[in-house]
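Heads up, the thing below is written out as structure tokens.
The values are calculated or read from the model by the stated rules, or taken from the named source; none is laboratory data. Everything numeric in this text was worked out from a predicted model, so none of it was measured. Using ideal geometry, Cβ is built from the backbone for each residue, glycine included, and neighbour counts are taken over all protein chains shown.
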């Protein structure tokens with residue numbers, strides 16, 4: 001991974017998350033419900049998606065923190081072997097971009113590449129509310145309804161943490177659409193967490209005290 005990308009891993013998570021949370025509070029205090037959202041038990045959800053988790057300010061904070069933790073554990077923002085291509089300049093699509101952390105960071109790190117983030121719920125930043133690099137943009141779109149791009153448009157398609165949004169059948173539809181907009185020889189990276197419950201080993205529990 002490039003030196004620029006690896007530096008991301010060294011940034012203090014608490015400081016960066018606090019900075020991002022402050023930016024978010026300036027972006028929206030949610031005075032009213034905008035188009036594309038619905039309210040269930042005082043929490044805001046996307047009205048045009050099956051995503052089961054809230055997408056209000058608290059929900060975006062959760063997504064941002066999840067991004068920073070993942071970046072720390074994985075030593076960077078991506079795993080695909082495309083460092084050189086990103087440095088040279090390629091077109092990148094971020095599926096389910098949420099608050100836009102990954103898209104913005106990648107655009108800042110790889111200024112020769114073009115990044116597009118999409119999400120069915122328009123919770124990503126706008127030009128007026130948040131700094132967006134010149135090589136990054138956001139579009140409100142649902143991959144399950146068809147992406148607004150021609151065939152063979154992107155060199156790299158990135159999709160992460162969409163388990164809560166896609167059913168097994170929807171996954172087939174989504175991946176087919178991702179492949180459609182991916183150029184021949186391009187790279188598709190899917191990143192999901194395992195939901196299996198695993199008992200911690202004795203070695204992991206030593207720091208917490210007796211195992212029994």
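Details
- Restricting 21, 34, 47, 28 to those that are under 17 Å from the mean Cα position of the chain (by Cα), farther than 23 Å from residue 157 by Cβ and modelled with pLDDT under 75 reduces the list to 21.
- Candidate set from region 95-106 (those that are assigned to a loop (DSSP other than H, G, I, E, B) and touching a helix residue (DSSP H, G or I) at 6+ places or on another chain (Cβ under 9 Å)); member that is nearest to residue 180 (Cα to Cα): 96
- Residue 100 modelled with pLDDT under 95, buried (at least 19 other Cβ atoms within 10 Å of the Cβ) and in contact with a strand residue (DSSP E or B) (Cβ under 6 Å, 6 or more places away or on another chain): yes
- When region 67-89 is filtered for residues that are part of a helix (DSSP H, G or I) and out of contact with any strand residue (DSSP E or B) (no Cβ under 9 Å at 6 or more places or on another chain), the ones remaining, listed by number, are 68, 69, 71, 72, 73, 83, 84, 87, 88.
- Candidates 92, 123, filtered to the one that is surrounded by 23 or more Cβ atoms within 10 Å (Cβ to Cβ), at pLDDT below 90 and touching a helix residue (DSSP H, G or I) at 6+ places or on another chain (Cβ under 8 Å): 123
- Of the strands (runs of 3 or more DSSP E) entirely within region 111-183, those holding at least 2 residues that are more than 26 Å from residue 62 (Cβ to Cβ) occupy 154-160.
- Answer from 158, 166 - the residue that is modelled with pLDDT of 90 or more and either within 26 Å of residue 64 (Cβ to Cβ) or touching a strand residue (DSSP E or B) at 6+ places or on another chain (Cβ under 8 Å) (or both): 158
- Cβ pairs under 6 Å, 6+ apart, first in region 143-156 and in contact (Cβ under 8 Å) with a residue 60 or more places away in the chain, second part of a strand (DSSP E or B) and surrounded by fewer than 17 Cβ atoms within 10 Å (Cβ to Cβ): 155/183
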